[in-house]
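Remarks on the structure that follows.
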Amino acid sequence: MGQALSLRGTLSPASVRVAILIDMGSRRAIAPVLMCLPLLLLAAMIWLPRAAGVPASAIRFELKPIPFQLEHGEVAARHVPATMAGGVAVFDYNRDGRPDIFFTNGANLATLKKDDPKYRNRLFRNDGNGVFTDVTEAAGLAGSGFDSGVAVGDYDNDGYPDLFVAGVHHSTLYHNNGNGTFTDVTGKAGISNRPDPQFGPMWAITAVWVDVNNDGLLDLFVLNYLQWDYATEPICGYKGVADYCLPRAYKGLPNQLYLNKGNGTFEDVSEKWGIRAHVGKGMGVGMADYDLDGRPDLFVTNDGSYNFLFHNLGGKFEEVAFPKGVALPEDGNFISGMGTDFRDCNNDGYPDLATAALERQTFPIWLNTAGRGFEEVTTPSGMRALSMRMAGFGVGFYDFDNDGWKDLFVSRGDVLSQPMPNTTVEQHNTVFRNLGANGRWAALTAEAGLDASPPARHRGLAFGDLDGDGRTDVVVTALAHPAEIWMNRSPGAGHWLDIALEGTKSNRDGIGARIQVTTKSGTQYNHMTTSVGYASSSYGPVHFGLGADGTAASVVIHWPSGIVQTLKDVRGDRVLNVKETP
């Protein structure tokens, strides 16, 4: 009778698994096999990657189709909203334990109306076993205008996640009714779609749900982009061929902050809280408590302008991007700052920053210096050299191989619609593997299977464990291309722990909660937020890769309310539901 012995060999950055059958009934057979084990392992490590046709990789994805194509309204005369579309959300709208997918979609740009069925937003219910069913009409989420992005959060604490859909000159707040349907409550809730008396119609790229005053109610920060008018669109191009204008051809907009009043309505406190005074061209927004003072802060990337870092003073925000070192990247030039993620990537307990930009602008990474400010490490980490010839939109820090270090996934593609000198418009996505304590990154594209779909102008991306196997999957949109579901098939993925929060004194989602997980291998940190990537939202448990450790010695949760909750000897490889208790 044979027994399978599983041995793991590592050839950085790849991991392969070799199974050797040993005849336990024959002692004569054992000795030669054991003597040859090192050679067998070495041969397998060399041969297996070559047999697959690409280098072996610790992170690997498999492409799965879904019947949705982003229709962004692009016409010969380039209108800038068409190239900025593509928000997507992964969230469990019906609370059946399986993450579902919502896609925003474009419209006829001349009218900003969805005058063709192809422009409908789409909601796909996850039925399990890789099956997704289009339930858009039944849910009431087809939409009516040109929608850019989406933010997910349970603003009324009823246990069902609601949707804010950001759009060009019109945004929508959808209340989740808990029965598979949504209701448009925008006007009733006090979310204004009227033109601003000073800036005109507002164009929202996305939003972030955040409890700015820690009263247990989620507030809404809306990220606005440009002052835009179809009739007066500037004409730009290259050698007589029309293409999208640079952001300097347009005036910017202030962002908006809506305070949740707890009765289903919101109050615009943008001026009172110091937000309206800062006019930018917002493309990405991330939420984290960067100085660990118990109040959530906001980082905003601006397109071709200075970034904003809004420090929460309690009742007001102060803009501190320059003194904290994140207003500009290391070379001091304006970049096309796109999506962002605001999350601890080096396991020191302080949230760091990453953003995407266009070719020759790099993907900047700023490490948090113990809450005092930030230090850019794009060059010393190797990210500058890796990303210099790449263009990206969305970014997300997730541990895809569950080794305890968050990796960085980037949805790639240029703003332009046709190549210019030294510019690649359509690109493959890339995952940058975090190499751990040395602070370096490895760029994986073909190695991670991400060349299985054609290159495209990728935009939004959202994250979640779509099949419940403990490995984080990715959903990506692309202009005029089918959406991509990238199922995580990382071969040697470690143990994992997903923590699903339920606030009682804090907001029910636990947004803003900081979590510390300690195993034999060390300590790592994460926090609950749904604002990740570009114009997108990822609503699910807080994910931790545990590596070789199947148990966490401790889990410490710092709730927004100030309550600190500690759990001991927590078994991994599961979703752990934690309810806030004093």
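The values are calculated or read from the model by the stated rules, or taken from the named source; none is laboratory data. Predicted, not measured: the structure shown is a model, and the values here were computed from it. Positions of Cβ are backbone-derived with ideal geometry, glycine not excepted, and every protein chain shown enters the neighbour counts. These accessible areas exclude ligands, DNA and RNA; they are computed on the full protein's heavy atoms, side chains included. Shrake-Rupley method; radii C 1.70, N 1.55, O 1.52, S 1.80 Å.
In the stretch 183-303, carbon and sulfur make up what percent of the accessible area (probe 1.4 Å)? For the stretch 183-303, the apolar C and S fraction of the accessible surface comes to 51 percent. Could you check the spin-label model distance between residue 575 and residue 489? Points 7 Å from the Cα along Cα→Cβ, value in nm. With each label placed 7 Å out from Cα toward Cβ, I get 2.4 nm. Projecting the alpha carbon convex hull of the chain along each direction and taking the average yields 26.9 nm².
Helix 27-52 versus the longest principal axis of the chain: what is the Cα-based angle in degrees, 0 to 90, to the nearest 10? That helix lies at roughly 30 degrees to the long axis.
Between residue 241 and residue 111, the contour length at 0.36 nm per residue exceeds the Cα-Cα span by 44.4 nm. Under a Cβ-Cβ cut-off of 13 Å, what is the net charge of the residues other than residue 502 that fall near it, where Lys and Arg count +1 and Asp and Glu count -1? Summing Lys and Arg as +1 and Asp and Glu as -1 gives 0.
Direction-averaged projected area, Cα convex hull, the stretch 171-301: 11.0 nm², rounded to one decimal. Under the simplified labelling scheme, the residue 438-residue 331 pair shows an inter-label distance of 2.6 nm, with each label point 7 Å from Cα along Cα→Cβ. Mean projected area of the convex hull spanned by the Cα atoms of the stretch 307-386, taken over all viewing directions: 5.5 nm². Label-to-label distance for residue 76 and residue 62 is 4.5 nm, based on points extended 7 Å past Cα in the beta-carbon direction.
Quick one: of 114/272; 64/505; 188/316; 114/281; 64/113, which pairs are farther than 29 Å apart, Cα to Cα? As for pairs spanning more than 29 Å Cα to Cα, those are 114/272; 64/505; 64/113. A simple count of charges around residue 562, restricted to other residues whose Cβ falls under 14 Å of its Cβ and scoring Lys, Arg +1 and Asp, Glu -1, yields -2.
At a probe radius of 1.4 angstrom, the accessible area of the stretch 295-424 per residue rounds to 29 square angstrom.
Shape summary: the stretch 390-460 maps onto an equivalent ellipsoid whose semi-axes, from the alpha-carbon gyration tensor, are 25, 12, 10 Å in decreasing order.
Hey, how many Å between the Cα centroid of the stretch 517-537 and the Cα centroid of the stretch 351-390? First find each Cα centre; the distance between them is then 18 Å. For residue 429, the amide hydrogen comes within under 5 Å of the amide hydrogens of 412, counting only partners 5 or more places away or on other chains and with H modelled in the peptide plane. Computed FRET efficiency, Cβ-Cβ of residue 505 and residue 272, R0 25 Å: what is it to the nearest 0.05? Result of the calculation: an efficiency of 0.50.
Listed by chain and number, the lysines whose C-alpha is less than 20 Å from the C-alpha of residue 568, apart from same-chain residues fewer than 8 away, are 520, 579.
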